[in-house]
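Colleague: Okay, handing you the structure first.
The values are calculated or read from the model by the stated rules, or taken from the named source; none is laboratory data. Worth saying up front: this structure is predicted, and the values here are computed from it rather than measured. Neighbour counts run over all protein chains shown; Cβ positions are idealised from the backbone, glycine included.
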Amino acid sequence: MKIERQTSSYNDRRYSRPWIAKVDFAKNPNGDFLWGAWIGQNGEEGILIIEVASGDIIARGQKDFRKPRNSAPDWYQVTTDGKLEALDSKAEAYKKFMEVKND
């Protein structure tokens, strides 16, 4: 299934383009990122697009050049109905990935 999410306009001198990725922890405990696409012009509204399946782990973010610690991604798991369930941390994302993999 395809996930599409709107992004808002941003200051392109301070922030990078928004990004989205499917994360695979199977071979790498830090996760291998399989990048989706962002459609838009720098600094303007856009759309994030990625192909996913139920149970996949998704990371979404945008780099803040002035305050790099604000650049941590948000983590989600794709539900059976295609919604994104928010996860608290990368550690929780890893645990959820392993639960799905071992089922």
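Colleague: Within the range 1-39, restricting attention to residues that are closer than 20 Å to residue 69 by Cα and among the aliphatic types (A, V, I, L, M), which residue is surrounded by the most Cβ atoms within 10 Å (Cβ to Cβ)? Can you show your working first?
Modeller: The initial filter retains those residues of the range 1-39 that are closer than 20 Å to residue 69 by Cα, namely 10-21, 30-31, 33.
From what is left, the residues that are among the aliphatic types (A, V, I, L, M) are 20-21.
Details: 20: 26, 21: 19.
Looking at the filtered set, the residue picked out is 20.
Colleague: Quick one: what pairs do we get from the range 76-95, first residue within 20 Å of residue 49 (Cβ to Cβ), second surrounded by 13 or more Cβ atoms within 10 Å (Cβ to Cβ) and basic (Lys, Arg), C-beta under 9 Å, 6+ apart or different chains?
Modeller: Between residues of the range 76-95 that are within 20 Å of residue 49 (Cβ to Cβ) and residues that are surrounded by 13 or more Cβ atoms within 10 Å (Cβ to Cβ) and basic (Lys, Arg), the close pairs are 76/60; 77/96; 78/22; 84/5; 84/60; 85/96.
Colleague: Can you tell me how many residues in the range 47-63 are assigned to a loop (DSSP other than H, G, I, E, B) and in contact with an Asp or Glu (Cβ under 9 Å, 6 or more places away or on another chain)?
Modeller: Matching residues across the range 47-63 total 3.
Colleague: Okay, next question. In the range 57-75, which residues are acidic (Asp, Glu) and in contact (Cβ under 8 Å) with a residue 40 or more places away in the chain?
Modeller: Of the range 57-75, the ones acidic (Asp, Glu) are 64, 74.
If the condition is that a residue be acidic (Asp, Glu) and in contact (Cβ under 8 Å) with a residue 40 or more places away in the chain, then 64 is the only one that fits.
Colleague: Out of curiosity, is residue 66 in a strand (DSSP E or B) and among the charged types (D, E, K, R)?
Modeller: Working: in a strand (DSSP E or B): no; among the charged types (D, E, K, R): yes.
Criteria not met by residue 66.
Colleague: Still on this structure, please answer the following. For the range 32-46, does any single residue satisfy the condition of being farther than 24 Å from residue 6 by Cβ and either at pLDDT 95 or above or not in a strand (DSSP E or B) (or both)?
Modeller: Pass one, the range 32-46, residues farther than 24 Å from residue 6 by Cβ: 32.
Then drop every residue that is not either at pLDDT 95 or above or not in a strand (DSSP E or B) (or both), which leaves 32.
Scanning the range 32-46 turns up at least one residue that is farther than 24 Å from residue 6 by Cβ and either at pLDDT 95 or above or not in a strand (DSSP E or B) (or both).
Colleague: Same structure again: Restricting to the range 71-103, name every residue that is under 15 Å from the mean Cα position of the chain (by Cα), in a helix (DSSP H, G or I), of a type outside the set (Lys, Arg) and surrounded by 12 or more Cβ atoms within 10 Å (Cβ to Cβ).
Modeller: 71, 92, 93, 94, 97
Colleague: Continuing with this model, one more query. When residue 94 is evaluated against the numbered criteria (1) out of contact with any Pro (no Cβ under 8 Å at 6 or more places or on another chain); (2) hydroxyl-bearing (Ser, Thr, Tyr); (3) farther than 24 Å from residue 4 by Cβ, which criterion, by number, is the only one it fails?
Modeller: Going through the list (1) out of contact with any Pro (no Cβ under 8 Å at 6 or more places or on another chain); (2) hydroxyl-bearing (Ser, Thr, Tyr); (3) farther than 24 Å from residue 4 by Cβ, residue 94 breaks only (1).
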